[in-house]
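Here the structure is laid out as structure tokens; the discussion comes afterwards.
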Amino acid sequence: MTKTLIRGRLLTFKRAPMSLTDTESYTYEHDGGLLVDEGKIAAIGNYTQVKATAPADVEEIDHRPHLVLPGLIDTHLHFPQMQVIASYAGSLLEWLNTYTFHEECRFVESDHAARIATRFYDEMIRHGTTTAAAYCSVHKTSADAYFAEAVKRGMCMVGGKVMMDRNAPQGLLDTPQTSYDETRAVIGEWHGKGRNYVAITPRFAITSTPEQMQAAQALAQEFPDLHIQTHLSENLDEIRYTCELYPQAKDYTDIYARYGLLGAKTLLGHAIHLSDREADVLSETGSVAVHCPTSNLFIGSGLFPLNAIRRRNKPVRVAVATDIGGGSSYSMLRTLDEAYKIQQILGERLNPLDSFHLMTRGNAEALSLIDRIGTLEVGTDADLVVLDAGATPAMALRMEAVTTLPEELFLLQTMGDDRAVAETYVAGKAMKRGVGS
Ligand code: GUN
Ligand code: ZN
């Protein structure tokens, strides 16, 4: 691969911003140059300086006046739920039982799984998302389709075959033994292939027997470096039923703790209704609470206390995610817009620097992948998103009155969606034109 020099307004975070005026938390180059070599960032800085170090025949792509950021990261979504989005239900368990489980049964068919995988990655790229952590269905075929398509596109993806052995239709159930065997097979075939990371994925405590939780525990002990993803405390009826199923546990969080499933690589979707004790446990174990704002509003699950949980004496690590198909948009911009509104309702603030940090570096840290993705640092993978804050007539008009970088970011978050994504680079390769805009 030849070297590429990408010119544009570069923005990357060094750490979480403390306030809207925390200019030390990020690097911004108004006329920036990013040199990409073999899919990795080889140099970053002022365009003229970087250009001087580049070979004379370097291919140049000029994205001015657009912003160039690290690719957006989505830390929780369901690849087999693309045709579940916009399903009309009163609450979580009704939504799962009426629509979601039935739809996921279709993924036993490898042709269907392959077709949806193609469409899934098209949407990721269209929306500027270069890494995601997804649940596949219970079927190994779905994980095969998911990871095969990631390899084809060169994308860095986390995912797992869902483990579930009760409280769902027959076509969506495995057993403790088959869930163990098939997860092992998925790990063997896909973990480390291309840029893939396999996650151990017990769906949630309601759909796993204690025997299956033991199987998940055995996998976690055998493969301690792997991510673990599951759902926690999303809905009040769900919590009540879960605690009935595991009467010996202190609370919902304690179920996962008892089976050794908490830790720095554990991603807990939703985690809305936690007691202080549970939040302490997440903090002590370094587990990540994944905020899914569009889903939490759409399904009516509750208001995740993003700021409150981060400023506890024992802070909880957080990430942000779309939760497609409970979530209603593939866009991380739309997602952070809804997160902002939830904080407003809770009497809190979520500033745009914080939001853009969360979508990039914050989510990379939550996935323990900061050495590879989430920044524009030299040596990391050249996964990028190019954002146009004047993408629609209404945005362009509003942009006329914008004078600062935080204002521009806030406009992108408030009015932007896939139309604001001018380009998406995966390992240095422009991908968006291929999927259309
Ligand atoms: N809890 C268990 N499974 C799911 C799911 O597919 N979506 C959501 N939002 N919550 C869940
Ligand atoms: Zn989910």
> To the nearest 20 debye, what is the magnitude of the charge dipole of the chain about its Cα centre, counting +1 on the Cβ of each Lys and Arg and -1 on the Cβ of each Asp and Glu?
Replying inline: 340 debye
>> Taking every pair of distinct Cα atoms and averaging 1/r, then inverting, what Kirkwood hydrodynamic radius in Å comes out for the range 203-267?
In response: 12.0 Å
> So what's the chain giving for Cα Rg divided by 2.2 N^0.38 Å, two decimals?
Replying inline: 0.95
>> I need the shape label for the range 59-193. Rule: rounded when a/c is under 1.5, else prolate if a/b > b/c, else oblate, with a, b, c from the alpha carbon gyration tensor.
In response: oblate
>> Ignoring everything except DSSP H segments at least 4 long, calculate the 222 nm mean residue ellipticity for the chain; use -39,500 (n - 2.57) per segment, divide by total residues, nearest 500.
In response: -10000 deg cm²/dmol
> Over the chain, what is the percentage of antiparallel beta bridges among all DSSP beta bridges, to the nearest 5?
Replying inline: 45 percent
> Expressed as a whole number of Å, what is the distance separating the alpha-carbon centroids of the range 168-235 and the range 304-357?
Replying inline: 27 Å
> Tell me, what is the percent relative contact order of the chain, built from C-alpha pairs under 8 Å that lie six or more residues apart?
Replying inline: 19 percent
> What residues qualify as long-range amide H neighbours of residue 46, i.e. H under 5 Å apart, gap of 5 or more or another chain, H built at 1.01 Å from N?
Replying inline: 33
>> How many angstrom lie between the Cα centre of the range 386-422 and the Cα centre of the range 278-294?
In response: 31 Å
>> What do you get for the angle between helix 276-285 and the principal long axis of the chain? Use alpha-carbon atoms, 0 to 90 degrees, nearest ten.
In response: 60 degrees
>> If amide hydrogens are placed 1.01 Å from N in the peptide plane, which non-local residues have theirs closer than 5 Å to the one on residue 274?
In response: none
> Given H placed 1.01 Å from N in the peptide plane, which residues other than close sequence neighbours of residue 269 have an amide H under 5 Å from its amide H?
Replying inline: 230, 231, 232, 290
> In a shell of Cβ-Cβ distance under 12 Å around residue 11, excluding residue 11 itself, what net charge do Lys and Arg (+1) and Asp and Glu (-1) give?
Replying inline: +1
> Which lysines have a Cα lying under 23 Å from the Cα of residue 51, excluding residues fewer than 8 positions away in the same chain?
Replying inline: 3, 40, 429
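Bear in mind that the values in this text are calculations on the coordinates, not laboratory data. This structure is a prediction, so every number in the text was calculated from the model and none was measured. Methodologically, a virtual Cβ is constructed for each residue, glycine included, from the backbone with ideal geometry; neighbour enumeration extends over all protein chains shown.
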